[in-house]
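Colleague: The structure under discussion is supplied below as structure tokens; questions concerning it will follow.
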Amino acid sequence: MKMVQSLLVGVFAVAMALPAAAEKLSLGELSSYLNTLKTATGAFTQINDDGTISTGRILIKRPGRVRFEYDPPDQTLVVANGDTVGIVDPKSNQGTQAYPLHRTPLSIILARNVDLTRARMVTGHSSDDTTTTVRAQDPEHPEYGNIELVFTGSPVELRQWVINDSSGSRTTVVLGDLSQGMRLKDENFVIPGLATATQIER
């Protein structure tokens with residue numbers, strides 16, 4: 001779905017110090033980490049399916065809420081308010097576009113209780129001795145696409161995700177260092193123009 005291309009904005013490989021070797025992190029460890037990730041902010045770099053690159057700032061407030069603020073000249077804003085994902089592009093004459101959050105693979109890590117050990121949720125779990133990668137999907141609706149999550153250990157950190165949507169598009173988001181545990185106002189996750197938004201079910 002095109003929304004996922006914009007929302008789960010692909011990110012370019014940001015240089016980061018990685019450990020020389022690390023054991024594969026268990027699904028239980030990774031679930032615990034995601035469940036303790038309540039609020040976070042940081043920089044992101046996005047690589048879209050067509051190869052274009054964007055950068056910006058991400059705000060996360062679990063469960064259900066995330067905000068992507070793009071750096072100029074891109075003026076796009078993407079916000080999830082817990083139920084809906086809204087895309088605001090001032091260069092578009094279509095106004096705000098709204099999508100159900102539960103139909104996007106990002107909802108897997110924004111869930112109130114992340115359980116990667118759930119049957120049929122994880123379809124891939126591997127390690128390259130530096131990172132651990134998990135590919136996850138909604139077990140009830142695999143047609144919504146999947147998300148590949150890349151973690152480092154010591155301590156466990158989410159460094160990257162890749163969205164593979166139902167149309168076959170692939171979007172990568174690379175995260176900079178995340179600051180965690182701050183207060184984030186709910187106003188950050190209000191979708192501008194939602195009352196008159198074009199509702200898209202995909």
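Colleague: Viscosity 1.002 mPa s, temperature 20 °C: Stokes-Einstein D of the stretch 48-127 from its Kirkwood Cα radius, in µm² per second? Could the numbers behind the result be given before it?
Modeller: On the way: Rh = 14.4 Å.
After rounding, the answer is 148 µm²/s.
Colleague: Can you list the residues, at least 5 places off or on another chain, whose amide H is less than 5 Å from the amide H of residue 123, using H built in the peptide plane?
Modeller: Here 135, 136, 137 satisfy the definition.
Colleague: Given the C-alpha centroids of the stretch 97-129 and the stretch 140-186, what is the distance between them in whole angstrom?
Modeller: Computed from Cα coordinates, the inter-centre distance equals 9 Å.
Colleague: Using Cα pairs under 8 angstrom and six or more residues apart, how large is the relative contact order of the chain, in percent?
Modeller: Relative contact order, the chain: 29 percent.
Colleague: Which is the longest part of the chain that has none of the GluC sites (Glu not before Pro) sitting in a DSSP loop with at most 13 other Cβ atoms within 10 Å?
Modeller: Here the longest segment lacking exposed loop sites spans 24-139.
Colleague: So how tilted is helix 27-36 from the main axis of the chain? Cα-based, degrees 0 to 90, rounded to 10.
Modeller: Helix 27-36 sits roughly 50 degrees off the main axis of the chain.
Colleague: Enumerate lysine pairs in the chain that are 8 or more residues apart or on different chains, then count those whose Cα atoms are under 28 Å apart.
Modeller: Count of close lysine pairs: 10.
Colleague: So, one more: Would you mind getting me the FRET efficiency between residue 26 and residue 194? Use the beta-carbon distance for r and R0 = 22 Å, nearest 0.05. The partial results should precede the final answer.
Modeller: Values: r = 39 Å, r/R0 = 1.78.
My answer for the efficiency is 0.05.
Colleague: Another question about this same structure. Taking H as built 1.01 Å from N, whose amide H comes closer than 5 Å to the amide H of residue 85, not counting residues under 5 places away?
Modeller: Distant-sequence amide H within range of residue 85: 99, 101.
Colleague: Between residue 36 and residue 130, what's the calculated FRET efficiency when r is the beta-carbon distance and R0 is 22 Å? Round to 0.05.
Modeller: On the way: r = 23 Å, r/R0 = 1.03.
Once the sixth-power term is evaluated, E becomes 0.45.
Colleague: For residue 180 and residue 71, FRET efficiency with R0 = 22 Å and r from the beta-carbon atoms, rounded to 0.05?
Modeller: 0.50
Colleague: Hey, what's the Kirkwood Rh for the chain if you take every pair of different alpha carbons, in angstrom? It would help to have the intermediate numbers written out before the result.
Modeller: Details: mean 1/r = 0.0589 Å⁻¹.
By the Kirkwood definition, the hydrodynamic radius is 17.0 Å.
Colleague: Taking a quarter of the surface of the convex hull around the Cα atoms of the stretch 146-197, what do you get in nm²?
Modeller: Taking a quarter of the hull surface, the average projection is 5.9 nm².
Colleague: Related question: Could you derive backbone 3J(HN,Hα) for the stretch 97-112 from the dihedral phi with the Karplus parameters 6.51, -1.76 and 1.60 (θ = phi - 60°), listing whole Hz in sequence and x where the residue is Gly or Pro?
Modeller: Listing the rounded values in order: 10, 10, 10, x, 4, 5, 8, 10, x, 5, 4, 5, 8, 8, 4, 4 Hz.
Only the coordinates and a few stated rules stand behind these numbers; no lab work does. Keep in mind that this is a model prediction, so the values were computed, not measured. Counting neighbours? That spans all protein chains shown, and the Cβs are built from the backbone with ideal geometry, glycine included.
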